[in-house]
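Student: Below are the structure tokens for one structure; questions will follow.
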Amino acid sequence: MESNWVLTSCGMCYVGCGIRVRVDDGVVTGIEGDPNHPQNRGKMCAKGKAGFMNLYNPHRLKTPLKRTNPKKGLHEDPKWQEISWDEALSTITERLGAIREDPKKLYVQAWEVIGDNFYWLLALGSAFGTPHLMGNASATCGKVIHPVEFFSGGGFHQQPDLHYCKYLVLVGTQFAIAARGAFNHILLDMAEARARGMKLVVVDPVGGFAASKADEWVPIRPGTDSAFALGMLHVLLNEAEIYDKKFLQHRTNAPYLVGPQGRYLRDPGSGKPMIYDTADRSAKIFDDPAVKEPALTGSYDFEGLKARPAFALLREHVSRYSPEKVEEITTVPAKTLRRVAREFGEAVSIGATMMIDGVELPSRPACVDWAKGPQGHKHGFHQSWALKLINIVTGAVNVPGGILSTAAAGKKPFLWWPDGGTDGLLEDGGHILPLPHPKAFPGRTPTRPIRMDLAELFPLAPHFHTLLPITSEDPGRWGLDYRIEVMLHAPTNSLLGSFGDLKKVERFYQTIPFIFGFAIEINETNLFDDIVLPFPTYLERYDFVAGTGLLIPHCGKDDWFWQVRQPAVAPPEGIRYPQEVIMEIAARLGILDDFYRLINHAFRMKEPYALEAGRRYSVTEVIDRMARCWFGEDRGLPWFQENGLVRIPRDVEEAYIGPFIDARLPVYLEHFLQRGEELKEVTDKMGLEWDFSDYVPLPEWLPCPAYDAVKHDGFDLIAVHFKFPYVYGSYGNDNPWIDELCENTGAYGVLIHSDVAKAKGIADGDEVWLESPVEKVRAKAKVTQCIHPQVVGIGGHFGHWAPGMPIAQGKGVNFNALLPTEMERIDKISTALDHCVEVRVYK
């Protein structure tokens, strides 16, 4: 028997851990963590260990298919017919060619979590000319965290510095316990931090995995995270007076003078914001080198106008959120909030410093972390922004022990770094791939929409696909005179994971005349396809980008890395590498050279490695060129196949960029006022009713629809979603090992508080009806005290019925299907769909 070990990258979620795959006589027989890989340091999660069960799934798609049943629907049989690759690609290019003169009729769902397909599909769509490029997974994922992080931290995501943190508050996230990037790495960091004595407080409606590892679980009513944060800010700023004065004075816009209309007072000559220097009692432009002691409090006259520092306005604003008031909103006891805030304030150690590698840095060993939970609401931006402000006012941003920005800066293989801009504020985060990143600061000028996703009406949002099922119902209402006519999608299950109300998504997909995409197994999205193309598993493919290590790596001084994925075994006969399929489509459309230019730009490919016009390449040739361009002539694909990865040490400046960024962070979002006024002009001319309540410079708590809806209409509970460490999206739901884990841990059940269950006559394990305003599903009750008594908890991404997923059929609940998808439930800043919903539960 011939045995060998192949170094490659896991693809069972977006993390991309390093793995060693054992292959015996051409068959994968085992997977282990690579001990030399900094992403996971030899560790693996249950998903990764189960990966080769997907490889040998007997229901895998191995040849192109076309539908023969013209009727499309959630439960319609497409009546597939096997076809050749040539017929499949000829049909696809013919349908794309028919809309070539109006390329915006193409919609590309590019999200593909494990490798290059994401970037290549975006490049294909861009070369074609469509603006409708979906680059994210869900109706909430990244809606607030990414744009906020770019202008308040400098990176793509945020991550607590577990190396030095002493007090960590997790709000609506299971960071380093059940979820997030670099998962297996930060999992060990969390365990070590806890062993070291770091206190962990989890604020969440669900007492799940994170709560089980915490010192304290604080149940909170869904959609009230901003009230909790504003209460903490009140205690810190007004009761305890704990804030980093020097940081606020010189590294934020806290001292910028704000006039009676909420706008900065500006120097008549330069247009720059003004501050008041108490050292000589005079007003100066904010970046005057003579400034010594900017005022943070008080009221000042400037050319006949009364003005106050932005920080003074923030302190006054949060004074309305006393712990007693916050208790009424959140159900968190006032004494608990006040204690947590004071404990946090003591732990953050204002003024402390520490030495790392001979460099003196501020030390702020406390931070607040948040993710999907707070951002997934109608007012999701402000739910999240208030939490971020806790870190900013205490100076706990990008310094040891505080909140760090992921992938914000690097010096190898290229130099990338956050940039300052308008009004001296951080404007553009650092990113290794120079892809366009929509900015929430200073935002874009609103205009009448030409895009079907209404991007023009959301000038501060990062992505917009959430709107498509809404606009497709009546494009004319939004001034649009066309429809999406062709959709291209990656092998993820967008029908179940990217939107809400399934009936509305069904109607949207039914309006699209031609849909094609990739599949490993026939899932619910593929039921709407006209052509399906087989897709290799991560153990059978090449990727230059393997997982999200470039966007959400582990933070701190640990080594950065780059790994190239390689096949452990060849794909089955009839399956082509997706990169080569995409190049073939581009060639048949006559846009291959434009596609090459976009790939060269996105991957920083310079001569002599750039892809050349008029040439055709194999996937191995492209990746070899990318590797040599990035890492040197001697480190092409063969080198990576033998060595697995490049380790790249970080220096102190890369790990803790806070003191080295030449830009200020915001505590006051003055630009929201201008964007809101511009948008109002547009919507008024269009005759649209619009909610502008979020276009304010300081965060506010506003109730989401479910908060009030439980008081009437027969609904009495709020449903929320949570994550499992062994389930990622709908990936692996048909994997028998993962299914066994879900069965044995009760993952398919819905959590109901024991007091509520008793009152309703529901026992543990009972079948119940779970009903929202748009859906009614069967579920199995899991009775527990580990959930807020007003809440039903639904985990994972289940509820499958596609014939290509027989193991997953009829198990669990698809949470998104419960969510009403309507403009009244969309966050007007980020386009996040509200991810809590009023429900009733009964036997």
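Student: Stretched out fully, how many nm does the piece from Thr745 to Asp684 gain, at 0.36 nm a residue minus the Cα gap?
Tutor: This chain segment gains 16.7 nm when fully extended.
Student: Between Val27 and Ala290, what is the FRET efficiency for a Förster distance of 60 Å, r being their Cβ-Cβ separation, to the nearest 0.05?
Tutor: Details: r = 73 Å, r/R0 = 1.22.
For R0 = 60 Å, the calculated efficiency reads 0.25.
Student: Classify the stretch 705-842 as rounded, prolate or oblate from the Cα gyration tensor: take a ≥ b ≥ c as the square roots of its eigenvalues, call it rounded if a/c is under 1.5, otherwise prolate when a/b beats b/c and oblate if not.
Tutor: oblate
Student: Normalising by the residue count of the stretch 705-842, find the relative contact order in percent from Cα pairs under 8 Å and 6+ residues apart.
Tutor: Averaging sequence separation for qualifying contacts and normalising by length gives 35 percent for the stretch 705-842.
Student: On average, how much accessible surface per residue is there in the stretch 705-842, in Å², for a 1.4 Å probe, leaving out ligands, DNA and RNA?
Tutor: 35
Student: Another question about this same structure. Based solely on its DSSP helices, what 222 nm [θ] is calculated for the chain when runs of n ≥ 4 H residues each add -39,500 (n - 2.57) and the sum is averaged over all residues, nearest 500 deg cm²/dmol?
Tutor: After summing the helix terms and dividing by the residues of the chain, the value is -7500 deg cm²/dmol.
Student: If you don't mind, another one. Could you pull out every residue, at least 5 positions away or on a different chain, whose amide H is within less than 5 Å of the one on Val203? Hs are placed 1.01 Å off N in the peptide plane, and Pro or chain starts have none.
Tutor: Leu170, Val171, Gly172, Val218
Student: With a 10 Å radius around each residue's Cβ, average the other Cβ atoms per peptide and rank 493-504, 231-242, 637-648, 24-35, highest first.
Tutor: Sorting 493-504, 231-242, 637-648, 24-35 by mean packing, highest first, produces 493-504, 231-242, 637-648, 24-35.
Student: State whether the stretch 9-49 is rounded, prolate or oblate according to the following rule on the C-alpha gyration tensor (a ≥ b ≥ c being the square roots of its eigenvalues): a/c under 1.5 gives rounded; otherwise a/b larger than b/c gives prolate, and the remaining case gives oblate.
Tutor: Note, shape of the stretch 9-49 comes out prolate.
Student: Run the numbers on the stretch 766-843 and let me know its relative contact order in percent, using alpha-carbon pairs under 8 Å that are six or more apart. It would help to have the intermediate numbers written out before the result.
Tutor: Details: 105 pairs, mean separation 29.3, N = 78.
That works out to 38 percent.
Student: Moving on to the next point. Please give the length that would be gained between Glu580 and Arg263 if that part of the chain were fully extended, namely 0.36 nm times their separation in residues minus their C-alpha to C-alpha distance (nm, one decimal).
Tutor: Numbers: separation 317, 0.36 × 317 = 114.12 nm, distance 5.26 nm.
Gain on stretching Glu580 to Arg263: 108.9 nm.
Student: So, one more: Going by the alpha-carbon gyration tensor, a ≥ b ≥ c the square roots of its eigenvalues, is the chain rounded (a/c under 1.5) or, if a/c is not under 1.5, prolate (a/b greater than b/c) versus oblate? Walk me through the intermediate numbers first.
Tutor: On the way: a/c = 1.43, a/b = 1.31, b/c = 1.09.
Since a/c stays below 1.5, the shape of the chain is classed as rounded.
Student: Using 1/(1 + (r/R0)^6) with R0 = 41 angstrom and r between the beta carbons of Met1 and Thr511, what's the FRET efficiency to the nearest 0.05? Intermediate results must be reported in sequence, preceding the final value.
Tutor: Values: r = 55 Å, r/R0 = 1.33.
Calculated transfer efficiency: 0.15.
Student: When only C-alpha pairs under 8 Å and at least 6 residues apart count, what is the relative contact order of the chain, in percent?
Tutor: For the chain, the relative contact order is 19 percent.
Student: Straight-line reach from Lys782: which aspartates and glutamates fall under 15 Å, measuring Cα to Cα and dropping same-chain residues less than 8 apart?
Tutor: Glu743, Asp755, Asp764, Asp766, Glu767
Student: Within the chain, what percent of beta bridges assigned by DSSP are antiparallel, to the nearest 5? Could the numbers behind the result be given before it?
Tutor: Numbers: 62 of 103 bridges.
Close to 60 percent.
Student: In whole percent, and with a 1.4 Å probe on the protein chains, what portion of the accessible area of the chain is carbon and sulfur?
Tutor: Within the chain, the accessible surface is 50 percent carbon and sulfur.
Student: While we're on this one: Relative to the longest principal Cα axis of the chain, at what angle does helix 183-196 sit, 0 to 90 degrees, rounded to 10?
Tutor: 40
Student: Then there's this: Let's test the formula: R0 of 35 Å, r as the Cβ-Cβ distance of Lys758 and Asp215. What FRET efficiency results, to the nearest 0.05?
Tutor: Efficiency for this residue pair is about 0.75.
Student: What's the local net charge at Arg541, with K and R +1, D and E -1, over the other residues with C-beta under 13 Å away?
Tutor: Cβ neighbours under 13 Å give a net charge of -3.
Student: Still on this structure, please answer the following. Between Glu241 and Phe660, 0.36 nm times their residue separation minus their Cα-Cα distance comes to what?
Tutor: Stretched out fully, the Glu241 to Phe660 stretch lengthens by 148.2 nm.
Student: Starting from the 7 Å offset along Cα-to-Cβ, what nm value, one decimal, do you get for the label separation of Ala279 and Thr353?
Tutor: Once both label points are built, they end up 1.8 nm from each other.
Student: Between the helical axis of 334-348 and the dominant principal axis of the chain, each derived from Cα atoms, what acute angle in degrees is found, rounded to the nearest 10?
Tutor: 90
Student: Between Asp651 and Ser299, what is the label-to-label distance in nm when each label sits 7 Å out along the Cα-to-Cβ direction?
Tutor: 5.0
Student: Relative to the first principal axis of the alpha-carbon coordinates of the chain, what is the inclination of helix 619-631, with its axis defined by its Cα atoms, in degrees from 0 to 90 and to the nearest 10?
Tutor: 30
Student: Cβ neighbours within 10 Å, averaged per peptide: list 603-609, 650-656 in order, most packed at the top.
Tutor: 650-656, 603-609
Student: With a 10 Å radius around each residue's Cβ, average the other Cβ atoms per peptide and rank 384-390, 816-822, 158-164, highest first.
Tutor: Listed from highest to lowest mean packing, they are 384-390, 158-164, 816-822.
Student: Listed here are the pairs Lys335/Lys372; Lys66/Lys143; Lys43/Lys411; Lys760/Lys811; Lys105/Lys412; Lys335/Lys723; which of them are more than 32 Å apart at the Cα?
Tutor: In this structure, Lys66/Lys143; Lys105/Lys412 lie more than 32 Å apart at Cα.
The values are calculated or read from the model by the stated rules, or taken from the named source; none is laboratory data. Because the structure is predicted, anything quoted here is derived from the model rather than measured. Glycine also receives a Cβ, built like all others from the backbone with ideal geometry; neighbour counts cover every protein chain displayed. For accessibility, only protein heavy atoms count, side chains too; no ligands or nucleic acids. Shrake-Rupley method; radii C 1.70, N 1.55, O 1.52, S 1.80 Å.
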